[in-house]
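Following: one structure in structure tokens, then a few remarks.
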Amino acid sequence: MSQTIVAAATVAAPWGPIQLAVTDRGLVALENLTPLEPFIERLEHRLHREVSTDRTPLLNAAVMQLEEFLAGRRTAFDLPIDLEDRPAWDRAVLTAVADIPWGEVTSYGGIARRIDRPGAARAVGGAVGRSPIGIVIPCHRVIAGDGTLGGYGGDWFGSRERHLELKSELLAREGIEIPVPRR
């Protein structure tokens with residue numbers, strides 16, 4: 001039985017590097033602000049296989065769609081997603097998050113209700129925070145029930161404030177203005 005190929009690339013964004021990776025099944029990871037080497041190390045640990053920087057047709061398509069998004073020429077992605085290594089709960093939550101349309105937001109509680117688990121807003125927040133695929137699975141469109149940003153970026157590199165600035169910037173690209181709280 002052959003092992004799944006994992007291929008990674010870097011895309012330059014206005015806020016810093018975006019690292020992305022694909023398997024032969026789909027996009028498996030996308031992180032903002034993370035340098036390439038730690039991204040690859042974590043991905044190899046997560047997937048238990050070597051990650052290559054050799055380009056594949058799917059990786060090329062993912063890079064192209066991300067570059068189109070960054071240039072303002074794309075509002076939705078049509079890439080296959082590979083969440084096979086994620087727990088069933090996370091897959092259910094992230095599938096619901098993936099269905100949030102461009103220019104709209106919902107709360108963590110709203111996602112809980114969409115997956116028939118009302119009252120599970122905190123657990124939804126945990127799954128969103130563990131999402132291995134930013135932007136394409138638009139976790140930035142999930143906000144706190146009080147209309148504030150909530151969290152963003154899970155264990156990406158950078159500070160919580162920097163992650164919230166990025167979330168606010170991604171939402172602003174979609175015409176949604178939610179300021180970053182200042183301490």
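The values are calculated or read from the model by the stated rules, or taken from the named source; none is laboratory data. None of the values given here were measured: they were computed from a predicted structure. So basically every Cβ, Gly included, is an ideal-geometry build from the backbone, and we count neighbours across all protein chains shown. What goes into the accessible areas is simple: the full protein's heavy atoms, side chains included, and nothing from ligands, DNA or RNA. Shrake-Rupley method; radii C 1.70, N 1.55, O 1.52, S 1.80 Å.
Kindly evaluate HIS163 against the criterion of being under 13 Å from the mean Cα position of the chain (by Cα), modelled with pLDDT of 95 or more, within 14 Å of GLU31 (Cα to Cα) and not charged (D, E, K, R). In short, no.
Just to verify a result, which residue in segment 47-87, among those that are among the small types (Gly, Ala, Ser) and in contact (Cβ under 8 Å) with a residue 40 or more places away in the chain, is nearest to ARG25 (Cα to Cα)?
Of all residues in segment 47-87, those among the small types (Gly, Ala, Ser) come to 52, 61-62, 71-72, 76.
From the residues that got through so far, the ones that are in contact (Cβ under 8 Å) with a residue 40 or more places away in the chain too are 52, 62, 72.
Working: SER52: 16, ALA62: 13, GLY72: 27 Å.
Here the residue is ALA62.
Entry remark, segment 82-100: residues being out of contact with any helix residue (DSSP H, G or I) (no Cβ under 7 Å at 6 or more places or on another chain) and not in a loop (DSSP other than H, G, I, E, B) number 5 in total.
Selection of segment 89-113 for residues being of a type in the set (Ser, Thr, Tyr) and over 18 Å from ILE176 (Cβ atoms) yields only THR95.
Evaluated against (1) more than 12 Å from the chain's Cα centre (by Cα); (2) within 19 Å of ALA120 (Cα to Cα); (3) basic (Lys, Arg), ARG141 falls short on exactly one condition, (1).
Looking across segment 115-164 at every residue that is open to solvent by 20 Å² or more (accessible area, probe 1.4 Å), among the small types (Gly, Ala, Ser) and without any contact (Cβ under 8 Å) to a residue 12 or more places away in the chain, the one that is nearest to PRO17 (Cα to Cα) is identified as SER159.
Yes/no per residue for (1) among the hydroxyl-bearing types (Ser, Thr, Tyr); (2) in a loop (DSSP other than H, G, I, E, B); (3) at pLDDT below 95; (4) in contact with a strand residue (DSSP E or B) (Cβ under 6 Å, 6 or more places away or on another chain):
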residue	(1), (2), (3), (4)
VAL63	no, no, no, yes
GLY110	no, no, no, no
ARG117	no, yes, no, no
ILE137	no, yes, no, no
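Would you check which residues across segment 119-135 are small (Gly, Ala, Ser) and part of a helix (DSSP H, G or I) and list them? Across segment 119-135, the qualifying residues are ALA121, ALA123, GLY125, GLY126, ALA127, GLY129. In the set ARG42, ARG74, which member is open to solvent by 40 Å² or more (accessible area, probe 1.4 Å), over 21 Å from ALA127 (Cα atoms) and among the basic types (Lys, Arg)? Just one listed residue meets the conditions, ARG74. Quick check on VAL28: is it in contact (Cβ under 8 Å) with a residue 12 or more places away in the chain, over 17 Å from SER131 (Cβ atoms), β-branched (Val, Ile, Thr) and open to solvent by less than 30 Å² (accessible area, probe 1.4 Å)? Criteria not met by VAL28.
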